[in-house]
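Visitor: I have a structure here, written as structure tokens, and I will follow up with some questions on it.
Bear in mind that the values in this text are calculations on the coordinates, not laboratory data. These numbers come from a predicted model, not from an experiment. Backbone-built Cβ (ideal geometry, glycine too); neighbour counts: all protein chains shown.
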Amino acid sequence: TSRTGGVGSAVALALADAGVDLPVRTFGIPPQFLAHAKRGEVLADIGLTPVEIAGRVSAALARTTAPAAARAFEISEENHL
């Protein structure tokens, strides 16, 4: 799927229209010429293997949840001082 006008774009737009402030990460085929190869090779070349996608999702979640975890720790420390 293309990133522009794809499902991820539609979901991001629907969330924004509904006033939902939620980060959305889109994954898809870049709008460029891709060398001919087997499907798996093309996906690996553009970073769309299951392992790479899972890594990017995990990293995004870590960035999203890290500030909340740090704030929770700070609040906990304040309660014990």
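Visitor: Can you tell me how the range 4-65 classifies by the Cα gyration tensor, rounded, prolate or oblate, using a/c under 1.5 as the rounded cut? Before the final figure, lay out the partial values.
Guide: Numbers: a/c = 3.80, a/b = 1.55, b/c = 2.45.
Judged from the Cα gyration tensor, the range 4-65 comes out oblate (a/c at least 1.5, b/c at or above a/b).
Visitor: Which cross-chain or sequence-distant (5 or more) residues have an amide H under 5 Å from the amide H of ILE29, H modelled 1.01 Å from N in plane?
Guide: SER2, ARG3
Visitor: Place the peptides 27-35, 43-51 in order of packing, highest mean first, counting for every residue the other Cβ atoms within 10 Å and averaging per peptide. Please list the in-between numbers first.
Guide: Working: 27-35: 11.0, 43-51: 12.8.
Top of the packing list down: 43-51, 27-35.
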